[in-house]
1. Restricting to region 246-260, name every residue that is more than 24 Å from Ile171 (Cα to Cα) and exposed (fewer than 14 other Cβ atoms within 10 Å of the Cβ).
2. Residue under question is Arg241, and the condition is that it be at pLDDT below 95, over 25 Å from Arg11 (Cβ atoms) and charged (D, E, K, R); does it hold?
3. Among (1) surrounded by 17 or more Cβ atoms within 10 Å (Cβ to Cβ); (2) of a type outside the set (Ser, Thr, Tyr); (3) within 16 Å of the ligand (Cβ to nearest atom), where does Gly78 come up short?
4. Would you confirm, using the coordinates I've provided, whether Thr138 is more than 15 Å from the chain's Cα centre (by Cα), away from the ligand (no atom under 16 Å from the Cβ), over 23 Å from Thr81 (Cβ atoms) and surrounded by fewer than 16 Cβ atoms within 10 Å (Cβ to Cβ)?
5. For region 238-245, state whether one or more residues are crowded, with 20+ Cβ neighbours inside 10 Å, in contact (Cβ under 8 Å) with a residue 60 or more places away in the chain and at negative phi.
6. Tell me which residues, restricted to region 96-123, are of a type in the set (A, V, I, L, M) and either in a loop (DSSP other than H, G, I, E, B) or within 16 Å of the ligand (Cβ to nearest atom) (or both).
7. Quick check on Leu65: is it within 15 Å of Leu143 (Cα to Cα), more than 16 Å from the ligand (Cβ to nearest atom) and aliphatic (A, V, I, L, M)?
8. Those residues that are crowded, with 17+ Cβ neighbours inside 10 Å and not aliphatic (A, V, I, L, M), I need them from region 184-196; list them, please.
Amino acid sequence: MAPFVMDELSRHYTNVEYVPVDISKYADGNCGPSFVWSFDSGRSGPHAMICGIMHGNEIAGAAILDRLIEGNVRPTRGKLTYCFGNPTAYGQFDSSAPYNNRSVDADMNRVWGAEIDDDSNQLAEVRRVRALRPIVDTVDYLLDIHTMQGRGRPVALLQGKPAALDFAKSITGIPLVLTGTMHQAERLRLRDYAQFGDPKSKSVAIQLEAGQHWQASAIDEGEQVALEFLECAGVLPKRPRIQESDQKRLKVVEIILPEGGIFEYAKDFENGAYFPQHGTLLGFAGPDRREVRTPVDECYFIMPVHFRLDGGSCGRFAKEIVD
Ligand SMILES: [Zn+2]
């Protein structure tokens, strides 16, 4: 795999606070593909799926799935499937270089398009997607749990269709929701796949970035969102929640890119950092250190990138969607 572009700041983000859970006991699965467990309530209702570790280094996803399965969280209506996305990459996790095992051959969250039907493509992640496809095709509500490189509040990334925005709004524990055109939008993510990307379909996929990859708090944050997701999907009974929703719904206004592979943040910004004034300095791009500033007033900065792949972005500027 291509090496990551790292800088001084990156090194502040390599502390792994917990040991990855052993997922070998889930290898057999119970519905066809390995590491996929499906439970049917025996009552009619939707099919909800929770997926984790599509990226092997995002180990919180496995811990959350393990808690839900071991905690006997089962559907009371419809069907619930737990999916360990990329167990092979996960198995290569090394806490001394925790950013290295994102994938085996290819980014699994970029191969949900034409790659699937191209039989000449035998990359490990494409083969895994092919194996998962029959079950994913039957899913109505999908939560794909990821984690991110920067610290800060969780953010849900999703298609801008009304069904997706409305569903995300019902999950009050998600503080930030982001839609809009992403970097490398032509390479389909799971959240863009088939029914999820179809504006006419009511099926919804949410990609949750639950917190910083290796901070233990991402496990708790992700688990709480997962439980509320299952309630809102209708496979678990709804529990009353005291928290008032303060969810911010955002749309991308600019993707921040390095120049010649070079970018440096002006400060250690967190995910969801808010800038009231346009023209606030975010960082410096390129060998000439061109200043990158917020393009609009009331601007949010989403998902700082500290282990950048060549060609990758350095985050997004976003603005609140006004109904
Ligand atoms: Zn990820």
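The values are calculated or read from the model by the stated rules, or taken from the named source; none is laboratory data. Only a predicted model underlies this, so the values are computations on that prediction, with no experimental measurement involved. A quick note on method: Cβ atoms are made from the backbone with ideal geometry, for glycine too, and the neighbour counts reach across all protein chains shown.
1. Gly260 - this is the single residue of region 246-260 that is more than 24 Å from Ile171 (Cα to Cα) and exposed (fewer than 14 other Cβ atoms within 10 Å of the Cβ).
2. Details: at pLDDT below 95: yes; over 25 Å from Arg11 (Cβ atoms): yes; charged (D, E, K, R): yes.
Judged against the criteria, Arg241 is a match.
3. Exception for Gly78: condition (3).
4. Working: more than 15 Å from the chain's Cα centre (by Cα): yes; away from the ligand (no atom under 16 Å from the Cβ): yes; over 23 Å from Thr81 (Cβ atoms): no; surrounded by fewer than 16 Cβ atoms within 10 Å (Cβ to Cβ): yes.
No, not satisfied.
5. Filtering region 238-245 for residues crowded, with 20+ Cβ neighbours inside 10 Å gives none.
Checking region 238-245: not a single residue is crowded, with 20+ Cβ neighbours inside 10 Å, in contact (Cβ under 8 Å) with a residue 60 or more places away in the chain and at negative phi.
6. Pass one, region 96-123, residues of a type in the set (A, V, I, L, M): 97, 104, 106, 108, 111, 114, 116, 123.
Correct list: Ala97, Val104, Ala106, Met108, Val111, Leu123.
7. Working: within 15 Å of Leu143 (Cα to Cα): yes; more than 16 Å from the ligand (Cβ to nearest atom): no; aliphatic (A, V, I, L, M): yes.
So Leu65 fails the test.
8. Going residue by residue through region 184-196, those that are crowded, with 17+ Cβ neighbours inside 10 Å are 187-196.
Scanning region 184-196 gives Arg187, Arg189, Arg191, Asp192, Tyr193, Gln195, Phe196.
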